[in-house]
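**Q** Quick one: this structure, given as structure tokens, is what I'll be asking you about.
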Amino acid sequence: MTGLAGQQFRRAPVTICYLATVWVAGLVSGSIAHGPPRWLSGRVGAGLPSLGHGSWWTPLSAGLWASGLGGYLAVTVLGLVILAPAERRMGVPRTFVTLLVSQAAGLLVAAGLIELAGLADEPWLGALAGETAVGALPGVLGVGFALSCTFTVLWRRRLRLLLTVAVAISALYIGHLEQVAQACGALAGLVTGALMYGHARPSAGSRASQQEVRVLVGMLAAVSALGGMLAALADNADGPMSLSSFLFATPVPDPHDLAAACPHATLIVACRGLREQQLYAHWPGVLVQVAPALLLLLSADGLRRGRRPAWWLAVVINLAVLGVSLWVTFAAGSDASAHLAGLGAWIPAILLAGEAMLLPVVTLTVLLATRRRFDQTADRRAVRKLTATLITALGLSSGTFLLLGYLLRDHFSPRPDFGVLAQDLPMRFLAGRLFGNRFLPVDLAGRLLYVWVFLLFWIVVLGALTTFFLHTRTYCDTGAADRARAILTRGGSTLSYMSTWPGNQYWFSPDGRAAVAYRAIAAVAVTVGEPYGDPAALDSAITEFASFCEHRGLRPCLYGVTAQARAVTQKLGWRSVQIAEDTLLPLADLQFTGKKWQDVRTALNKAAKEGITAEWWSYPETPRELAGQIHQISEKWLADKGLPEMGFTLGGLDELNDPNIRCLIAVGADRKVHGVTSWMPVYASGRPAGWTLDFMRRNTEPGTFHGVMEFLIATAALTFREEGARFVSLSGAPLARLDRGEQACPLQRLLDRIANSMEPVYGFQSLLRFKAKFQPVYQPLYLAYPDPATLGSIAAAIGRAYLPHLTARQALRLLTKLRQVSAGPGTARRAGWP
């Protein structure tokens, strides 16, 4: 433990020393729980009062304390996340200087802005003139912005976007001196980093991609919801946008603290509704209250995916927020006793005119300016299903409330008639947050009708919209499969014929020379191999497919591509990792001679001695007696494993129903099936240039031929050679690779560990060892991806592609087997390989 601490200290000495100083100062002064005591706060806290009394050191001394336990924890976490990496990338001197400059400049600039706001009679910042603040976050956030200057353009934008959103929400919604200083410190850090590295502004030609624009707009749309909920949870939220906390989540303040809660408020609107607010204090009511915020967050996620319905939803919500703000301003300005129900007893409504409406106006402006970026629509079937669901939910909830409310009107006080119920209905969907007639439930039946009906409504609406926005099949081309087959005959890789299997979608190059088969899962486009068609169109097809995915809001993932395709992606700045090892058997000089071929010769001789022959069939035309045995062999193979059969690039019986796929069956003299293999064509210039092994099953009953797979593969190779084929592929072994002596990246090492853990279950490495009997030429297959940040989504998408119907019982069994100790020489047998 001591050695680990010493190692961390050597890696980040400034970070460790600084955080230790902060915690020691807090412990010695008793400031951990609630911040520095009053006598100390006036001496170390920064603000206009302390600076006015000549305490020039306070902008720096404030960074040695925090306002409470939450502040100390935040400084510690962000210090380890930001300061420690900054020391390694920026160096200790630059990190230390940036920390001091950002800390001091943040508080000094914030104090200057407050002074100017007071002279201009600005209500928000002007009200902070009497505050002092402590906290190290201005310096830490400044280092974060300076650190972004050392990253590549993509990660620089992402880090700045994340920090900017966090700082903006904190300043605009919480709005105290500490948050304003954090924003100023962040700006100071950005300027410092620009002076050090010159990367404050994006270089020419580094325009944000369409996907980045979508993410940026989605984050902007989410600010209102996140900020509103944060302001509702925080104590004394006082930012100019904190009014929206009443729209997205109603806080429960203490009426005695209202004057202190918003010292800058220009108007305090009295309202009734404390009893109603108590109804929503439990979790069902809380969920109803936050439902509009969740709806806005959902639209933000849809914007990230480029969905046009999400754009309309965001526009409608922001128009509603703007309209409500205007209504509140007008109502409060015309009548000081305006009735704002649901805000609690005597809760202040902060009406800072244009400031309170600035964010929805900016959001609407950005949405309108970028509307062409959000052009992804779902198919009509999904739209009809969503529309029917929403209309049904709205009708049932409204009808239930009106009908049962009238029948159970004695359970409310005062007793409402039907007109009052109808008038109050719209506000029940929003938890009566802004206005409504004050009839309240008096017993359990009334409370269930008052809250639970609308909770169920929001659950259905949010669930339906989530499913709708995750729906990635945005169009359907009924003739795509036939077009893809026609292009496939021009050329492709050893995996290309798998593109004809069910479940795939297709992309076609604009000139029709190339195609890509992919599966859209959770906004990830997982390809089946590389582009196929005209070999000369490979390079341009990869680039155009990547552009297609960006336009569709998908993350491209080229799965199972060769070194040639990998080289193209590397030119685009993509990353890659090996995920399989293809095994190619050249046929021109194939001779089963020599000691290395002993097992294969033995299998051929033994088959001839035992009267076992190899018969070629197309599975749809296979005699019933043979097809029935093949089905039983496959079912027994699956039952013995007790695990689901993997799909995607691993074919099963369903994929054999194709006249172009050839099956080679080992049949005894008694017509008993000993084993079966299937072979897919690899086209070049309109004819098969090679064949790929796919389906492989062996009869495991006693008395069957144990070398049947060697016999079938050798027989197939000899047959294909006679037909003029150049090679056969024994197919790729997933999660298996040769050790070529190369330095493995961390992701590659992780995949190797996963492969080792899955070896007792699926035996991929043992399968590769079996194929080594045929002295193949090894060809690595890669996973190529443009963005390392999407690896989690890519892994989940690939998992769902291989195991789309994994049940809970099968998953439990799989996890149980993975916990077992890796098997020895018998692994291949237990995993089901020959």
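**Q** Can you work out the FRET efficiency for the pair Thr602 and Thr543, with r the C-beta to C-beta distance and R0 = 45 Å, to the nearest 0.05?
**A** Once rounded, the FRET efficiency stands at 0.35.
**Q** Still on this structure, I have one more. Could you work out how much longer the chain between Leu69 and Arg749 gets when fully extended? Use 0.36 nm per residue separation minus the Cα distance between them, nm to one decimal.
**A** The span from Leu69 to Arg749 would gain 240.9 nm if fully extended.
**Q** Write down the accessible area per residue of the stretch 58-178 in Å², having rolled a 1.4 Å probe over the full set of protein chains. Spell out each step's value before the answer.
**A** On the way: 4520 Å² over 121 residues.
Per-residue accessible area for the stretch 58-178 comes out at 37 Å².
**Q** Check Ser413: other-chain or 5+ apart residues with amide H under 5 Å from its amide H, H built from backbone geometry?
**A** Leu440, Val442
**Q** Could I ask something else about it? Trypsin sites (Lys or Arg not before Pro), restricted to the stretch 706-750: which are DSSP loop and have at most 13 other Cβ atoms within 10 Å?
**A** Arg740
**Q** Please report, as a whole percent, how much of the solvent-accessible surface of the stretch 491-592 comes from carbon and sulfur atoms (probe radius 1.4 Å).
**A** The value for the stretch 491-592 is 50 percent carbon and sulfur by accessible area.
**Q** Further, regarding this structure: Mind checking which aspartates and glutamates have their C-alpha under 15 Å from Lys596, skipping anything on the same chain fewer than 8 residues away?
**A** Straight-distance partners of Lys596: Glu710.
**Q** If you put +1 on each Lys and Arg Cβ and -1 on each Asp and Glu Cβ, how big is the dipole of the stretch 682-816 around its Cα centre, in Debye rounded to 20? Before the final figure, lay out the partial values.
**A** Numbers: 15 positive and 10 negative charges, 31 e Å.
Taking the Cα centre of the stretch 682-816 as origin, the dipole is about 140 debye.
**Q** Between the stretch 600-619 and the stretch 694-743, how many Å separate their Cα centres?
**A** 14
**Q** Figure the gain on full extension for Ala567 and Ala669 (residue separation times 0.36 nm, minus the Cα-Cα span) and round it to one decimal in nm.
**A** Details: separation 102, 0.36 × 102 = 36.72 nm, distance 5.10 nm.
31.6 nm is the gain from fully extending Ala567 to Ala669.
**Q** Report, to two decimal places, the Cα Rg of the stretch 12-151 normalised by 2.2 N^0.38 Å (N = number of residues). Please report the intermediate quantities before stating the final value.
**A** Values: Rg = 15.3 Å, N = 140, 2.2 N^0.38 = 14.4 Å.
It is 1.07.
**Q** Can I ask one more? Which percent of the accessible area of the stretch 764-809 is formed by carbon and sulfur heavy atoms (probe 1.4 angstrom)?
**A** On the way: 1220 of 2050 Å².
Its accessible area is 60 percent carbon and sulfur atoms.
**Q** Using DSSP to define loop residues, name the trypsin sites (Lys or Arg not before Pro) in the stretch 613-719 whose beta-carbon has at most 15 other beta-carbon atoms within 10 Å. Mind dumping the intermediate values first?
**A** On the way: sites: Arg624, Lys636, Lys641, Arg662, Arg671, Lys672, Arg697, Arg698; in loops: Arg671, Lys672.
Answer in residue order: Arg671.
**Q** At a 1.4 Å probe radius, carbon and sulfur cover how many percent of the accessible area of the stretch 61-113?
**A** Result for the stretch 61-113: 80 percent of the exposed heavy-atom area is carbon or sulfur.
The values are calculated or read from the model by the stated rules, or taken from the named source; none is laboratory data. If you're wondering where the values come from, they're calculated on a predicted model, not measured in any experiment. Note: ideal-geometry Cβ built from the backbone for every residue, glycine included; neighbour counts use all protein chains shown. Accessible surface areas use protein heavy atoms only, side chains included; no ligands, DNA or RNA. Shrake-Rupley method; radii C 1.70, N 1.55, O 1.52, S 1.80 Å.
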